[in-house]
2 protein chains.
Amino acid sequence: MEVGLREVAALAGVSVGTVSNVVNGRATVAQEYVDRVNDAVMQLGFVRNDAARALRSGTSRTVGMIIPDGNNPFYTSVALGASDAATLNNNIVLVGTSHDEAEREARYVEAFGEQRARGLIIASAGNIHDRLHQFARGGMPSILLDPDVDERFSSVGPDDVLGGRIGVQHLIDTGRRRIGFVGGPMRLRVLTDRLVGANDAISGTNGAVTLEVFETPDRTVLTGRTIGERVLKRPPETRPDALFAMTDLLAIGILQALDAHRVAVPGDISIIGYDDIDFASTTSVPLTSIRQPMEIIGRKAVEMIEAQREGGSKKREHITIEPTLVPRDSTLRP
Amino acid sequence: MEVGLREVAALAGVSVGTVSNVVNGRATVAQEYVDRVNDAVMQLGFVRNDAARALRSGTSRTVGMIIPDGNNPFYTSVALGASDAATLNNNIVLVGTSHDEAEREARYVEAFGEQRARGLIIASAGNIHDRLHQFARGGMPSILLDPDVDERFSSVGPDDVLGGRIGVQHLIDTGRRRIGFVGGPMRLRVLTDRLVGANDAISGTNGAVTLEVFETPDRTVLTGRTIGERVLKRPPETRPDALFAMTDLLAIGILQALDAHRVAVPGDISIIGYDDIDFASTTSVPLTSIRQPMEIIGRKAVEMIEAQREGGSKKREHITIEPTLVPRDSTLRP
DNA sequence: TCGATCCCGTGAAACGATTCATGGGTTAGG
DNA sequence: CCTAACCCATGAATCGTTTCACGGGATCGA
């Protein structure tokens with residue numbers, strides 16, 4: 001038999017209203033009653049029924065998050081930031097991982113919708129935006145982590161143009177003149193943005209520095225190694241003297257290839273990665289990287305959810321957060 | 001204004017009971033009514049209120065999972081397996097990440113308890129077991145991923161004794177005679193278990209093979225490198241001819257050290273890691289590793305939850321799943 | 001002593017879906 | 001044509017909490 005407010009009230013000799021007030025920490029209850037109720041709660045092992053609470057009060061305490069890949073530190077760190085922000089309002093963040101399956105993603109979307117979550121933070125490939133928009137009209141806003149996917153929603157994401165500029169500028173500042181930009185496929189918006197930023201930095205040098213694009217089919221360690229090998233096939237004087245890899249994985253692969261051929265890093269070629277994953281600091285030569293402001297993105301996303309709940313769905317906005325350079329030996333030790 | 005069963009029923013010209021039956025796919029409704037109701041559902045954008053459903057029916061559709069570290073592929077893969085199993089019963093898995101903070105963990109525990117989740121899958125360090133046990137008496141079972149932490153709960157986990165034996169046996173089979181066991185701190189149960197397994201394998205050789213333990217304070221790449229350096233300080237004839245690292249991270253660090261000193265792998269020293277993380281296949285010499293049966297653990301955990309909900313909390317069990325060897329160049333190429 | 005004010009506990013209504021006893025309508029058998 | 005049997009839509013009761021109008025009792029000033 002379920003222990004409810006009623007049972008607690010009976011044991012404590014008070015009314016259910018009073019028990020509710022005590023359980024929710026409302027200030028209007030005399031100390032004597034508070035104690036009596038708390039004793040009864042303990043004694044009966046009362047656990048508040050969230051379904052009833054949500055039903056009556058019409059509000060949920062959970063912020064939903066749906067991500068494609070649970071192993072991607074980008075998403076998990078965004079989740080951490082979101083969790084921090086949610087905690088301030090006594091809410092929690094619950095994460096569903098779609099593993100890039102549209103069906104699984106749709107199930108999570110429906111589930112959060114039915115739960116009347118406070119809002120959704122979504123990085124999605126699937127075709128769920130119409131449904132999300134329907135939810136939004138019902139008062140559950142969604143915040144996208146991929147910008148520009150759908151104008152109807154707010155979004156928060158890293159400033160990729162700036163990231164590209166920061167990386168190349170750092171290479172220029174450390175004396176590099178022939179820079180390689182390694183990444184692909186170039187249909188990805190993040191990559192074209194970073195390339196724009198990279199060219200911004202180049203164009204400030206009046207032709208003193210060149211940029212060459214090495215397009216890749218993916219951004220894995222193996223592909224990085226292939227790129228490294230390809231670069232090393234060239235005579236040293238026509239090689240780039242710096243490579244800007246669009247993921248740390250690519251950079252690690254490149255580094256492996258250079259290591260294997262005893263090419264000095266950063267002496268002969270310097271390397272920058274992107275993402276600043278944990279591994280970046282533990283490679284044979286610690287890797288300079290661009291750190292994405294993941295926690296801040298998560299925090300911001302939760303704030304936007306709460307703002308939209310307050311101010312109606314009017315305030316749609318697209319926010320970018322600035323990435324930062326994390327300099328390490330792969331570009332610094334001469 | 002909220003669109004409820006009532007509004008749908010009014011528009012479709014039927015009763016709420018009928019709408020409920022249609023929405024839940026019950027077979028007792030005539031086709032004509034089904035169509036009318038579905039039209040109305042579409043038209044009004046009806047989304048079922050899970051709070052009301054859960055309140056009345058007394059059952060939830062979510063399996064809760066609480067993990068300490070969102071970036072650990074062990075947990076995320078367990079979550080994937082759990083999600084697969086949950087889907088079979090039309091349930092979903094929602095994950096909360098405690099980031100090793102007791103307070104955050106406790107918040108998730110309370111939240112899932114209040115939600116009357118179907119059950120909890122937990123890898124915990126915190127002091128929450130009494131609370132979990134209280135929930136269990138209320139009908140919400142918990143399954144631990146760390147065995148032996150608390151006898152009151154069922155658990156599923158990898159068979160670490162077997163993992164240790166498999167790894168060492170493979171080294172013996174590939175002709176190694178002086179094996180180093182690298183890991184720590186040795187107060188961790190997983191490690192002592194694996195050491196037991198390792199010694200099992202050794203003891204089958206009648207002293208032909210020796211095992212030396214290199215205890216480490218943690219299991220990071222940096223520590224691995226340190227161990228590698230330490231081994232290389234010895235004269236070659238007293239070095240181990242194989243190292244069994246308790247994580248792939250340790251193994252990668254060791255590999256970096258050996259690479260840097262041009263020691264051949266596996267020619268001079270062969271290496272096995274543990275966990276088979278994505279990186280294991282992409283190191284300079286692809287790393288042989290022990291693969292933990294993570295998806296299966298997740299699947300099993302969900303099955304145990306459902307079993308306990310059926311059969312009362314009587315059936316407490318402790319299950320281990322067999323890990324497998326993933327052979328790669330770091331032990332094979334001579 | 002009386003009335004005005006506050007304080008604070010009370011208890012019933014309400015949230016929206018599920019469930020099930022009820023009975024209207026139809027079919028089949030005689 | 002009548003009854004039994006069956007099918008299936010109905011709608012009211014119900015889940016446990018929150019919320020709020022209500023009023024009993026205490027305090028205070030006059």
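Under a Cβ-only charge scheme (Lys and Arg +1, Asp and Glu -1), can you give me the dipole magnitude of the protein assembly as shown about the Cα centre, in debye to the nearest 20? Walk me through the intermediate numbers first.
On the way: 74 positive and 86 negative charges, 57 e Å.
About 280 debye.
Of B:Thr223, B:Thr282, B:Thr18, which is the most mobile in a GNM of chain B whose springs link Cα atoms less than 10 angstrom apart?
B:Thr18
Considering only DSSP beta bridges whose two residues both sit in chain B, what percent are antiparallel, to the nearest 5?
Bridges in chain B are about 10 percent antiparallel.
Might you report the magnitude of the Cβ-based charge dipole of region A:26-163 about its Cα centre, with Lys and Arg at +1 and Asp and Glu at -1, to the nearest 20 debye?
Dipole magnitude for region A:26-163 comes out near 860 debye.
Say a label goes 7 Å from Cα toward Cβ at A:His261 in every copy; what distances in nm does this one have to the rest, shortest first?
Ordered by increasing distance: 2.8 nm.
How big is the Kirkwood radius of chain A, worked out from every pair of different alpha carbons and given in Å to one decimal?
Averaging 1/r across every pair of different Cα atoms and inverting gives 22.7 Å.
May I ask you to list the GluC sites (Glu not before Pro) in region A:84-155 that are in a DSSP loop and have at most 12 other Cβ atoms within 10 Å of their Cβ?
Qualifying residues, ordered by number: A:Glu151.
For the protein assembly as shown, evaluate the Debye formula with one uniform point scatterer on each Cα (no solvent term) and list log10 I(q)/I(0) at q = 0.10, 0.12 Å⁻¹, rounded to two decimals.
At q = 0.10, 0.12 Å⁻¹ the computed log10 ratios are -1.04, -1.30.
Quick one: which residues, 5 or more positions from B:Leu243 or on another chain, have an amide H under 5 Å from its amide H? H modelled 1.01 Å from N in the peptide plane, none for Pro or chain starts.
For B:Leu243, whose amide H was placed from the backbone, the distant partners under 5 Å are B:Gly180, B:Ser270, B:Ile271, B:Ile272.
With +1 on each Lys and Arg Cβ and -1 on each Asp and Glu Cβ, and nothing else charged, work out how big the dipole of region A:5-48 is about its Cα centre, in Debye to the nearest 20. If you can, show how the numbers build up before the last one.
Values: 4 positive and 4 negative charges, 36 e Å.
It comes to approximately 180 debye.
Could you name every residue in region A:12-51 that has 40 Å² or more less accessible surface in the full protein assembly than in its own chain alone (probe 1.4 Å, ligands and nucleic acids excluded)?
Output list: A:Val47, A:Arg48, A:Asp50, A:Ala51.
What gaps in nm, shortest first, separate A:His133 from its twins in the other copies when you place the label 7 Å past Cα toward the beta carbon?
Counterpart label points of A:His133 in the remaining copies fall at 5.4 nm.
If the cut-off is a Cα-Cα distance under 17 Å, which lysines reach B:Lys315, setting aside same-chain residues fewer than 8 apart in sequence?
Once the sequence-local lysines are set aside, what remains near B:Lys315 is B:Lys300.
Can you give the three extents of the C-alpha atoms in region A:5-48 along their principal axes, from longest to shortest, in whole Å?
23, 18, 15
Towards the positive end of the charge dipole of region B:127-213, with charges on Cβ (+1 Lys, Arg; -1 Asp, Glu), say which of B:Ser154, B:Ile172, B:Leu195 has the farthest Cα.
After comparing all options, I get B:Ile172.
Pick from B:Arg48, B:Arg309, B:Arg239: which residue has the top mean-square fluctuation in a GNM of chain B where Cα pairs under 10 Å get a spring?
B:Arg48
Gaussian network model of chain A, Cα springs within a sub-10 Å range: biggest mean-square fluctuation belongs to which of A:Met304, A:Met140, A:Met186?
Judging by the Gaussian network model, the answer is A:Met186.
Please compute, for peptide B:93-104, the average count of beta-carbon atoms on other protein chains lying within 10 Å of each residue's beta-carbon.
Details: counts 6, 13, 10, 7, 8, 1, 5, 0, 1, 0, 1, 6.
Average neighbour count from other chains, rounded to a whole number: 5.
Between A:Glu310 and B:Ser281, what FRET efficiency follows from the Cβ-Cβ distance if R0 is 45 Å, with the result rounded to 0.05?
The pair A:Glu310/B:Ser281 has a calculated efficiency of 0.40.
Along the positive direction of the dipole of the protein assembly as shown (beta-carbon charges: Lys, Arg +1; Asp, Glu -1; about the Cα centre), which of B:Ser289, A:Ala85, A:Val8 reaches farthest?
Of B:Ser289, A:Ala85, A:Val8, it is A:Val8.
Using the charge dipole of region A:71-122 (Lys, Arg: +1 at Cβ; Asp, Glu: -1 at Cβ; taken about the Cα centre), state which of A:Asn72, A:Ala117, A:Ala102 has its Cα farthest towards the positive end.
A:Ala117
The values are calculated or read from the model by the stated rules, or taken from the named source; none is laboratory data. Quick caveat: nothing in here was measured; it's all calculated off a predicted structure. All Cβ positions, even for glycine, are placed from backbone atoms using ideal geometry, and neighbour counts span all protein chains on display. When the accessible area is computed, the model is the full protein with side chains, heavy atoms only, and any ligands, DNA or RNA have been set aside. Shrake-Rupley method; radii C 1.70, N 1.55, O 1.52, S 1.80 Å.
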